[in-house]
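Take a look at the structure set out below.
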Amino acid sequence: MSYGLLKGKKGIIFGALDEHSIAWKTAQRCYEEGAEFILSNAPVALRMGTLNKLAAETDSEIIGADATSMEDLSNLFDAAMKKFGKLDFILHSIGMSVNVRKGKHYTDLDYSYLTKGWDISAVSFHKVMKVAWDKDAMNDWGSILALTYIAAQRVFPGYSDMADNKAYLESITRNFGYYWGKEKNVRVNTISQSPTQTTAGQGVEGFQGFFKFAEEMSPLGNASAEDCANYVVMMFSDMTRRITMQNLFNDGGYSNTGISEEISKRFI
């Protein structure tokens, strides 16, 4: 069901990879709610060709950009502003740990991999906002969002340095968010999502354990990618104008549950 919450709004959605990804579901929901947007991903991801399907479905243009490259981002925002004028929303759904991909244990990290991982997963969010800031690309009451995970606050063995990347991402959100609010009248937040059955998520060691445990711990169960997309739509809408610099949990109550009855009974 569509409510027209984003009618007339324009933006950029980073990171849609395939039909399982949160950014993909978000693009579909934003389109249903009346938004127009550009889809962007790294050139290597675009070579897979799957994003063409989403672009056709949502009547969107695809512009490749390496989110760690200021030049690529500058070209992307120039194209977006030429097409739309100022923007109303940005979704940063970007994350990658080379250490995780290479199976490196947290006690034996490769620091060159670490640097690349936090540049992709966290610093890229600062770079996106820096380019948007310098180009005065956002309309008043615009909304900028990034996706994170509760491993920024808690230990999840196997998530490795991605936990550090997410903590860095959330810090950037608060700090840059202050200036965006104070000087540009734009809000910046992160959404901390339940473990979700995405292509990227399933690449983390022990992911199925994270997923099943969270499902049993959460009073409402895990939030799906579709649930997250709905939350993003709300945060892009004018209904949330005074929410900024927040890490917002979309996790079925997991973040505030010490132990569930189902799990506690196993130890009786």
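What follows is calculated from the coordinates using simple rules that are stated; it is not laboratory data. This structure is a prediction, so every number in the text was calculated from the model and none was measured. Note: ideal-geometry Cβ built from the backbone for every residue, glycine included; neighbour counts use all protein chains shown.
Exposed loop sites were defined as GluC sites (Glu not before Pro) in DSSP loop states (anything but H, G, I, E or B) carrying at most 15 other C-beta atoms within 10 Å; in the chain the longest segment without such a site runs 20-204. For the listed peptides 94-104, 119-129, a ranking on the average number of other beta carbons within 10 Å per residue, highest first, reads 119-129, 94-104. Just list whichever of 9/184; 53/82; 53/135; 10/166; 10/135; 82/166 have alpha carbons separated by over 21 Å in the model shown. Check vs 21 Å cut-off fails for 53/82; 53/135; 10/166; 82/166.
Each Cα pair under 8 Å and six or more residues apart adds its sequence gap; the mean of these over the residue count of the chain is a relative contact order of 19 percent. Applying the criteria of a DSSP loop state and at most 14 other Cβ atoms within 10 Å to the trypsin sites (Lys or Arg not before Pro) of region 176-268 yields 241, 242. Since only 256, 128, 62 are under comparison, the one whose Cα sits farthest along the positive direction of the charge dipole of the chain, derived from C-beta charges on Lys, Arg, Asp and Glu, is 128. Computed from Cα atoms, the angle from the helix 207-217 axis to the main principal axis of the chain rounds to 80 degrees.
Tell me which lysines have Cα within less than 19 Å of residue 265's Cα, excluding those fewer than 8 residues away on the same chain? In chain and number order, the partners are 212. Distance between the 7 Å Cα→Cβ label points at residue 216 and residue 116: 3.7 nm.
In terms of other Cβ atoms within 10 Å, 171, 218, 74 run from fewest to most in the order 171, 74, 218.
Based on C-alpha pairs under 8 angstrom that are at least 6 apart in sequence, region 145-268 has a relative contact order of 29 percent.
The dipole here belongs to region 119-161: it is taken about the Cα centre, uses +1 on the Cβ of Lys and Arg and -1 on the Cβ of Asp and Glu, and is about 120 debye. Taken about its Cα centre, region 10-267 carries a charge dipole of roughly 420 debye when the Cβ of each Lys and Arg holds +1 and the Cβ of each Asp and Glu holds -1. Within the set (1) 17.0, 46; (2) 18.0, 64; (3) 20.6, 76, the number that Rg and Dmax of the Cα atoms in Å takes when calculated for this structure is listed as (2). When shorter helices are ignored and each DSSP H run of at least 4 residues is given -39500 (n - 2.57), the per-residue value for the chain at 222 nm works out to -11500 deg cm²/dmol. Would you mind checking the tilt of helix 22-32 against the longest principal axis of the Cα atoms of the chain, expressed as 0 to 90 degrees and rounded to 10? Value to nearest ten degrees: 50. Against the longest alpha carbon principal axis of the chain, how many degrees, from 0 to 90 and to the nearest 10, is the axis of helix 162-179 turned? That helix lies at roughly 40 degrees to the long axis.
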